[in-house]
Every structure is written in structure tokens, then in C-alpha cells.
Amino acid sequence: MASTDIRLESLMKRALEGDERAYGELLGESARLLRAYISRRIGVRADAEDVVQEILLSIHKARHTYDGTRPYAPWMFAIARYRLQDYLRIHYADRLRQAVPLEEAEIIPDRHVTFQDNTYESLKGEFKHLPDKQAMILTLMHEQGYTAREVAGRIGMKESAVKVAAHRAYKQLRRKLAGQ
Amino acid sequence: MMQTDQLIAQLSRDAKPVRALASGWLLVRWLIVSCAYLAVLLAFYGIRPDLAGRLRSPLFALEILSLAGVALASGLSAVALSYPDLRQKAWQAYAPLPFLALFAGVLVAEWWVDASPPEMGAHHTYQCLLCITLFSLLPAILMLLQQRAQATIHAGWAGAVALLASSSLGALAFRLSEKSDSIAHMLAWHYLPLIGFGLVGVMLGRKWLKW
């Protein structure tokens, strides 16, 4: 890593003197490092490549602020973070602009969303097919109205374990009901 | 957008030699031009006749020295902030803080002592603020132009410190001409407005220093 740093500094010094080949090599190496950095932060590949190109342009524009007396990578990544923030600011502003207010949404569900094929009472009968602990958890949560945290406190389990057990129970019930 | 390789090839062809200005020289250049400007203004306004005597007062001397420290440290910070990586010396960006603390302490001490002689000359208020604005004008323009020619990634902060540096330098120079020593007057019309200059600098920086 240290030898890469020294190499990049040396390339940049030569680039500042007008060495086109050194500059091309420097930008190529910078693009490789930037691609790895940006693609971890921007999922869309085309957008990530656009941001890499913006950063390379910014490096070109700001190269007079680097004099070769300090490491190249922190200077380059400072510019990269700046341009990444610009991209994210514009990206999220666009998403906000394109968002449709809920009251204007035209999606109309094709059935009543509160309609339930099964009631709690009808499901209760299926609990006996569940392991005891899962049945107890669902009974406490749905019949007696306790939260997962309260159930955990009552039966001496961790809250996360209660949630996992409830999730497994729902999965099992769903499979059973789908098979009916 | 073009392929990255094509962009690299194009940028390489544009690789003219570039001379990076040393940050020390940016600060020195700003100081030299600003001090020359302030010297001309002071020649016009005149230095207070009792300056030598007042400098023998420890609090007054400390006020002048700490304000000079604020101006110099802010100038250093403004130059550092004009680089994307702060020249990898982040401490320079925070350099004004200890001097601001010292300056604030001196002002509190002066208020506590309350040994200010009665105001000399005619009563004046907002005129001092206008004068300090005039004294700060060229240093502020020069520092902002310098920063704009660089590549700051902290536009608001850089602008704030640029105007703090310029206004504290202007306030320092004007203090050498101002005949009043009333701490209340100093605070109201000379020193508290420096905060306002800083806030204006934030707005100017965000508008003008982005690249």
C-alpha cells in the first residue's frame, strides 16, 4: 500500500509538470480505486460510473491544489467524498420530487384490505399443532395482547428470541393454511 | 456520458504544466496586500495620539495581541480550508479557536476591571461598524478570490473563516485609530459584529465557493 502511495505521488508530480503519460496512468489508477470506493456506496452501476467520471473531472480541475509534498490518496478521496455528497443530495432531492403524495395515489386494492379469510378464533384451533412454546407465545400476544417484550419478561426469554419464535410459528401456520 | 477510458485519454491530452502555489505564500500575499491597504486607510483616519501610552496598559496590549492572533490564525485557517484535504493538517482549520478564547477572556477581564477612561471625542456608534466594514473590505475580497481559485470542500466554513480573518484584521487596524476605550462600545460596535461577519461569510461561501 505504501509503495502504491509513493507511486501515485510520483505520477502526480510528473503530471503537474505536463507528463501526459504519467497523468493518464495516474487517472487510470485513480479510477480503479474510486470505482471500488463508490460502488460500495452507490448500488446502480451506471450511476456509480458517472460519479467516478465526475470525480476524475474534479481531480483534473483541482490538481493545482496538490503539490506532491503530501500523500495523494487523502487528497483524492476528499474530492471523491465531496462529489459523492453532491450526487446523493441530487439523487434524494429527485426522489422526493418524484414521490406521489399518498392522497393522490391511484392504486386501488382489488379487495378490502382489512378483509381476513381467517379470524383469530379460527386460527386458535391450529395452535395445538404448534410446539408448546410457540403456541404459548402466540396466545399471549394475540389473545391477551402482550407485546413481544412483555411476553419475553413473562416467560424468561429474550425479546429477540420471542420474535423469532413468533415468526416461525406464523410461517408454520401459513404453510398449514395454504395447504388447506 | 462517454466511457471512462475516453475521458481519461481526453484529460491526459489536456495535461498542461500546473504550478501549485504554496499555502504559506497564499497567506503571506494576503497579509502583505491587506496590511498595505490598511496602512493607507490609517494614514487617512489617523492613529490615536495616545497609542504608545495605551500600549503600556497590559489589558490593552493583550487585547491588541489577541486580536492580531485571531486575524492571523483565521487567515491560516482560511487558506487551509481552501484545499480539499486541508493540506492534511486539519489542526490549521481550528487554529482560530484558542485565540478567540483568549480574546474573549481579555474582553471579559476588561469588562470586569471597568477601568476604561471616559470616551474621548464625539459619541459614535454605527459609524464604527461602517468603518470596520470598509477596513475589512479589500482583505475579504482578496481572501474569497483566493479561496475561489482553489478547491474548498467546506464552502460555508471557508467563507466564515475568510470573513472572520478580514474583519478581525479590519477591527484591529481600526482599534489603533479608535479613541474610545469604553468596553461596552467596543463590544457593541467593534467586536460582537465579528460574529455577524462570520455568518455572512457562511452564506457567501455556500453561494460562491462551490465548484
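Which members of the stretch A:30-45 meet the condition of being more than 7 Å from every other protein chain (Cβ to nearest Cβ) and crowded, with 16+ Cβ neighbours inside 10 Å?
A:30, A:33, A:34, A:35, A:37, A:38, A:39, A:42, listed by residue number.
Only residues that are within 26 Å of the chain's Cα centre (by Cα) and under 20 Å from residue A:5 (Cβ atoms): list them for the stretch A:53-72, please. It would help to see each step written out before you state the result.
Of the stretch A:53-72, the ones within 26 Å of the chain's Cα centre (by Cα) are A:53-56.
A:55, A:56, listed by residue number.
Considering (1) touching a Phe, Trp or Tyr at 6+ places or on another chain (Cβ under 7 Å); (2) at the interface with another protein chain (Cβ under 10 Å from one of its Cβ atoms); (3) more than 24 Å from residue B:25 (Cβ to Cβ), say which one residue A:5 fails and leave the rest.
Among (1) touching a Phe, Trp or Tyr at 6+ places or on another chain (Cβ under 7 Å); (2) at the interface with another protein chain (Cβ under 10 Å from one of its Cβ atoms); (3) more than 24 Å from residue B:25 (Cβ to Cβ), the lone unmet condition for residue A:5 is (2).
Among (1) within 14 Å of chain A (Cβ to nearest Cβ); (2) not in a helix (DSSP H, G or I), there is one condition residue B:156 misses while meeting the rest; what is its number?
For residue B:156, the exception is condition (2).
Return yes when residue B:172 is on the phi < 0 side of the Ramachandran plot, in contact with a helix residue (DSSP H, G or I) (Cβ under 7 Å, 6 or more places away or on another chain) and either assigned to a helix (DSSP H, G or I) or not aromatic (Phe, Trp, Tyr) (or both) and no when it is not.
Numbers: on the phi < 0 side of the Ramachandran plot: yes; in contact with a helix residue (DSSP H, G or I) (Cβ under 7 Å, 6 or more places away or on another chain): yes; either assigned to a helix (DSSP H, G or I) or not aromatic (Phe, Trp, Tyr) (or both): yes.
Judged against the criteria, residue B:172 is a match.
Just for helices (runs of 4 or more DSSP H) wholly inside the stretch B:4-62: which have at least 1 residues that are under 30 Å from residue A:14 (Cβ atoms)?
B:4-13, B:23-45
Just to be sure I understand, how many residues within the stretch B:23-69 are within 14 Å of chain A (Cβ to nearest Cβ), exposed (fewer than 13 other Cβ atoms within 10 Å of the Cβ) and either within 30 Å of residue A:25 (Cβ to Cβ) or at pLDDT 90 or above (or both)?
1
Going residue by residue through the stretch A:12-21, is there one that turns out to be farther than 27 Å from residue B:90 by Cβ, buried (at least 17 other Cβ atoms within 10 Å of the Cβ) and at the interface with chain B (Cβ under 10 Å from one of its Cβ atoms)?
Yes, because at least one residue in the stretch A:12-21 is farther than 27 Å from residue B:90 by Cβ, buried (at least 17 other Cβ atoms within 10 Å of the Cβ) and at the interface with chain B (Cβ under 10 Å from one of its Cβ atoms).
Got a sec? Which of A:55, A:42 is assigned to a helix (DSSP H, G or I) and among the aliphatic types (A, V, I, L, M)?
The match here is A:55.
What single numbered condition from (1) under 20 Å from residue B:165 (Cα atoms); (2) in contact with a Leu (Cβ under 6 Å, 6 or more places away or on another chain) fails to hold for residue B:18?
(1)
Does at least one position in the stretch A:46-68 carry a residue that is within 13 Å of chain B (Cβ to nearest Cβ), within 30 Å of residue B:23 (Cα to Cα) and modelled with pLDDT under 90?
Looking for residues that are within 13 Å of chain B (Cβ to nearest Cβ), within 30 Å of residue B:23 (Cα to Cα) and modelled with pLDDT under 90, one finds at least one in the stretch A:46-68, hence yes.
Please give the number of the condition residue B:125 fails out of (1) under 25 Å from residue A:79 (Cα atoms); (2) β-branched (Val, Ile, Thr); (3) more than 14 Å from chain A (Cβ to nearest Cβ).
For residue B:125, the exception is condition (1).
Take the residues in the stretch B:66-93 that are over 14 Å from the mean Cα position of the chain (by Cα) and of a type in the set (Ser, Thr, Tyr), then tell me which one is farthest from residue B:162 (Cα to Cα).
So in the stretch B:66-93, the residues over 14 Å from the mean Cα position of the chain (by Cα) come out as B:82-92.
Now narrow it down to the ones that are of a type in the set (Ser, Thr, Tyr): B:82-83.
Working: B:82: 10, B:83: 13 Å.
Per the criteria, the residue is B:83.
Looking at B:123, B:190, can you tell me which residue is at pLDDT below 95 and crowded, with 22+ Cβ neighbours inside 10 Å?
Numbers: B:123 fails: crowded, with 22+ Cβ neighbours inside 10 Å.
Residue meeting the stated conditions: B:190.
Checking residue B:18 against (1) within 14 Å of chain A (Cβ to nearest Cβ); (2) within 28 Å of residue B:138 (Cα to Cα); (3) surrounded by fewer than 12 Cβ atoms within 10 Å (Cβ to Cβ), only one condition comes out false. Which one?
(3)
The values are calculated or read from the model by the stated rules, or taken from the named source; none is laboratory data. Keep in mind that what you see is a predicted model, and the values were worked out from it rather than measured. Glycine also receives a Cβ, built like all others from the backbone with ideal geometry; neighbour counts cover every protein chain displayed.
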